[in-house]
Each structure stands twice: as C-alpha cells, then as structure tokens.
1. Could you tell me whether G2 is at pLDDT 95 or above and either part of a loop (DSSP other than H, G, I, E, B) or touching a helix residue (DSSP H, G or I) at 6+ places or on another chain (Cβ under 8 Å) (or both)?
2. State whether the residues of region 199-220 include one that is in contact with a Ser or Thr (Cβ under 7 Å, 6 or more places away or on another chain), at pLDDT 95 or above and at negative phi.
3. Select from region 108-123 the residues that are in contact (Cβ under 8 Å) with a residue 24 or more places away in the chain, open to solvent by less than 70 Å² (accessible area, probe 1.4 Å) and in a helix (DSSP H, G or I) and list them in ascending order.
4. Taking the condition of a type in the set (G, A, S), more than 10 Å from the chain's Cα centre (by Cα) and closer than 16 Å to V30 by Cβ, does G76 pass?
5. Does region 29-52 hold any residues that are touching a residue at least 60 places away in the same chain (Cβ under 8 Å) and among the basic types (K, R), and which are they?
6. Out of region 37-52, which residues are more than 12 Å from the chain's Cα centre (by Cα), surrounded by 15 or more Cβ atoms within 10 Å (Cβ to Cβ) and of a type in the set (G, A, S)?
7. Quick check on region 176-185. Is at least one of its residues of a type in the set (F, W, Y) and either at pLDDT below 95 or out of contact with any helix residue (DSSP H, G or I) (no Cβ under 8 Å at 6 or more places or on another chain) (or both)?
8. Which one is nearest to G67 (Cα to Cα) among residues in region 124-149 that are over 14 Å from the mean Cα position of the chain (by Cα) and surrounded by 19 or more Cβ atoms within 10 Å (Cβ to Cβ)?
Amino acid sequence: GGMGKTSFDPKSYLSDPNRFPVGIWTSPEVAYIGLTKKKAEESGYSAVEGVAKYSETTRGRVSRSSGMLKLVVDEGERDLPVIGVSIFGEDACELVHYGMELVQSRRPLRCVLEASHAAVTYHELYKVAAVNIDENIDFSIQLRSTFPLDVLRLAKEKFIQATGKSGTVSSHHDLTGVRITFEDAEEIARELSLMRPAEDFETGGPSLSYAEFFEFLRQLKGGNTARGITEEMMFKAM
C-alpha cells in the first residue's frame, strides 16, 4: 500500500528530526521536534534561539509551574523560519504539536508573533520566545519586512565604518552605546538610494545609536524626510 516505502525503525526515525515530534512522559514532560541551536549550527544554519519560561506566561504564574520552551529560527533567511522547538515542563507532549506545524511548514517567526490563542494557555510560551528572538536578532522582523537582507547588511557595514570600528565588531551587541553623526546617517541613506543627493542636504540632527539609525532608514523608506524625522526626534526629546 501507500505505507510501503515509509520506514519506522529507530535509525530512519532519527535521520529526519522534522518528521515526527518526540514526547517523553516523564515528570515533568519533555518534548521536541526539529533542531536544537547547536545541531542547527553544526548543520550550517545561522541559528538563533529564543527562550520562554513558564513563569513568563499567565497560566504559568497562576499555576506556579516551572519549565521552559526554546524556539530556534534560521536568521540567515529573511522571514526567520522556525526550524526547532524544545519544551521541558507541564503539558510539553501536548504543546509540541503546535511546534510540529511550525517546523514542518517552516513558518516565519512573524506567524508566531501574530497568532492568537485562547486564554489562559501555555501556548503563550511560543509568543514569549518569539519576542525574545525579535528583541535580540541583528535585524528585527519590522526591518526585515521593510528591506531585503542584503540592504540591511550593507547598512550595518556602513554604520560600522562610520564608527571607525571596522574589524572589531562580531555582533550588533558590540555596538551598544555607539553612535554616529546625523550627517553620516544621511550620507549612508543617500548611498542606499533612500534620499536624493540634494534632499535635505545638511539637515543636521542628533547623533544616532544603532537602533535609531535603522529606525531613521525605515522612516525614510516609508516616505518621511530627514527634516521631518529630525523634528519628530527633537519633539520626543522635549
């Protein structure tokens, strides 16, 4: 029949980590599907892991349950597809089935953030882990939906060059507290074709952090002008 070519022996089962979810009915339960961050990196993925503790969910606080969920995505792809889920805690063997759908369909991280679950449920763990990823990756989901990855990487490279730290930055975390002049930000925006050569020339404005620089680029892409962005920043600082 149709099942003739499907193998269910342990070796075949373990050869494809996305094929089935695994549940271990211990106390507390353990369940997983797909790749861990370590295995993903060994397989050549640019993996990022988000962690959510049961205590960070409404149900977890009410029940005082302990445990955690780990969500792994491929940062090398623009839409950050989910490639692994691991859960340790109450109802893990039930919760992993939502993870199965995410991994087998390679759902973008945005889908996890936008999903709505009936309260009060441990499925909130997925959203907490997704937020954890979005807050710590090099380029947020919002930026990735605005610019192609190659543009974002080029903008990052130019920001680093403007700081004079070329060759010393291995992660965007190394840029915490580092700022560039508004004039440098404008020049980079022109090089990326987000401003016309003479547009708002020498507008002037406050120095920009790494996050503020990318927000500046995002607003330019959305149709705002450098002068308008400067005025808005000045207003917020009052």
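The values are calculated or read from the model by the stated rules, or taken from the named source; none is laboratory data. If you're wondering where the values come from, they're calculated on a predicted model, not measured in any experiment. Please note: Cβ atoms are built from the backbone with ideal geometry, for glycine as well, and neighbour counts cover all protein chains shown. Each accessible area value is taken on the protein alone, full model and side chains, heavy atoms only, with ligands, DNA and RNA left out. Shrake-Rupley method; radii C 1.70, N 1.55, O 1.52, S 1.80 Å.
1. no
2. Yes, region 199-220 contains a residue that is in contact with a Ser or Thr (Cβ under 7 Å, 6 or more places away or on another chain), at pLDDT 95 or above and at negative phi.
3. Matches in region 108-123: L109, V112, L113.
4. Taking the combined requirement at face value, the residue does not satisfy it.
5. Scanning region 29-52 gives no hits.
6. A40, A52
7. Within region 176-185, one or more residues are of a type in the set (F, W, Y) and either at pLDDT below 95 or out of contact with any helix residue (DSSP H, G or I) (no Cβ under 8 Å at 6 or more places or on another chain) (or both).
8. Only one residue fits best here, namely L125.
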